[in-house]
1. Could you bin all the Cα-Cα distances of region 301-435 into 5 Å bins starting at 0 and give me the percent of pairs in each, rounded to whole numbers?
2. How far, in nm, would the chain grow between Arg360 and Asp169 when pulled straight, counting 0.36 nm per residue and subtracting the alpha carbon separation?
3. If you stretched the chain out fully between Ala141 and Arg453, how much longer would it get, using 0.36 nm times the residue separation minus the C-alpha to C-alpha distance?
4. Among Val6, Val82, which comes first, second and so on when ranked by fewest other beta-carbon atoms within 10 Å?
5. Within the chain, how many Lys pairs sit with Cα atoms under 24 Å apart, leaving out pairs fewer than 8 places apart on the same chain?
6. Can you tell me the 0 to 90 degree angle between the C-alpha axis of helix 179-192 and the longest principal axis of the chain, rounded to 10?
7. Assuming a viscosity of 0.890 mPa s and a temperature of 25 °C, what translational diffusion coefficient in µm² per second does Stokes-Einstein assign to region 1-113, Rh being the Kirkwood radius over Cα pairs?
8. I need Tyr501, Tyr210 ordered by Cβ neighbour count within 10 Å, fewest first.
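Every number here is computed from the coordinates shown, using simple stated rules; none is lab data. Keep in mind it's a predicted model, so treat the numbers as computed, not measured. Here the Cβ positions follow ideal geometry from the backbone for every residue, glycine too, while neighbour counts run over all protein chains shown.
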Amino acid sequence: MTECLVEAGALLRGMGTDGRFVIDSDAALLVRDGRIVEIGDAARLKAAHSALPRFGGPGMIAMPGMTNSHHHSGVTPLMHGVPFAPLELWLPQFRALRPFPTKLDTLYSAIEMLESGTTSVQHIHGGVAGAPEAWRAEADAVLGAYGEIGMRAGFCFMIRDQHILGYGDAAEILAQLPADEATLLKGQLDAAMIPINELMGFFHELRATYGGRDDVRINLAPANLHWCSDAALEMIFGTAKAHGAQIHMHLVETERQANDAQARFGHSAISHLHQLGCLGENVTFGHGNWNDRADLELLAAHGCCACHNASSGLRLASGIAPVNPMLGLGIPVALGIDQSNYNDDRDMLAEIKLVWALHRETGMFNPRPDAAKVLQMATENGARTLGFGALTGRLEPGRAADIVLLDRVKVERPYVDRRTPIEETILHRAKSGAVEQVLVGGELVVDAGQVTRIDRDGVMSEIGARLAAAPTVAELQARQMVAALLPVLEATHRRDTPDTYRPYRYNRMHD
């Protein structure tokens, strides 16, 4: 489809200079070749273009498509049987996850995202291992799935060259495991130890293939400070800067990570990256739960972005990011759902409600994000972190027609006073069931609340069948390996990791 009209009784363009969304009433968007070419009075545009296909209607709210700025995979750890634990004892259990077809896994999360109004995603692949042809097959499967279902994607792969099992040498952990389990684990670790220059070559290969597409951005993801040597970081950040790519890096997600940086370098993780020359406007730090004021001032001074993963921080007992101080310093904050949110899915309309509530600090006059600011995090700010900042995140002439249409009756039922700012109505009342249609690049990818371009029920049925199948011998061996590994890791952390736990958010409880 090269041309269409999209009509809405209320159209939210994006954040205005007054801190409120710019809103058009009884408006329509003229879309041509995937871009918005005009926004104006609905009656006038319908009369002038009466023969064009038309989406939406006067009973709809139109808003920019949202962005999940931090995502990993589809089938969740909980679905795989992995219980929640603090991050350092949760991630190792992924080594026993059932192998799952990448395309199917990606389609599952993409269904959930599109049907709740998320049109673009930063897909942070877990990493690459083995032979280079396997790396390419994984990337093509992920990006092929997003292309098939109709989402935009930033794609990056997590890069590590040290300390994969924790904060120290893996040899000590391997030495404490039974021989068979140690051999299996060492094989996994060795397969993931790929020279950084080869990974940069893979990055260049992906950019050569996908770099000319409007729906893809190829980015870089150094996994975390303790997982990357200084030499690796300098090569990764230098490559991104030279080629205009975005960086998305997990950082100080847990207090243990913050403490490790202080112990190793004598200063914070952000200070260390600053000394390496790694801070810049193309850099987004995911999580950031344990940054202090000085860290935030460095981020602000260098134009870095932050990605707030609210559900993840709560579910993994990692903490709460200092979002209010970030906003006070002018740091652009995006939103990520990480592995999944508190509903164990990828519903951004649910996540924005949590983000708003989580940062309602208890003073009477202290700053806190309002609904418009949270919507900006989920739209415009998120688009920037993927590299789509000039293309998506707002509804304006010249930008892509990535549009979410909400059924206003469903959002407001039984009644909402017209004096209520519509941003407040959307944030507090809109649920995924109110998403009627979604367009990406002017193409209808969700209609009547369901994705249009794939067999969603077939995807769900196949996932259920695969997860219900009896485990293979290799899967049982992986489970046995993890069962042996966890007590060793726990004992190591008890010995080496300072326990600085203290209650938080209890009004009068300090110890």
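1. 2, 9, 17, 21, 22, 16, 10, 3, 0, 0
2. 64.6 nm
3. Once the chain is fully extended between Ala141 and Arg453, it gains 110.7 nm.
4. Val82, Val6
5. 6
6. 50 degrees
7. 139 µm²/s
8. Tyr501, Tyr210
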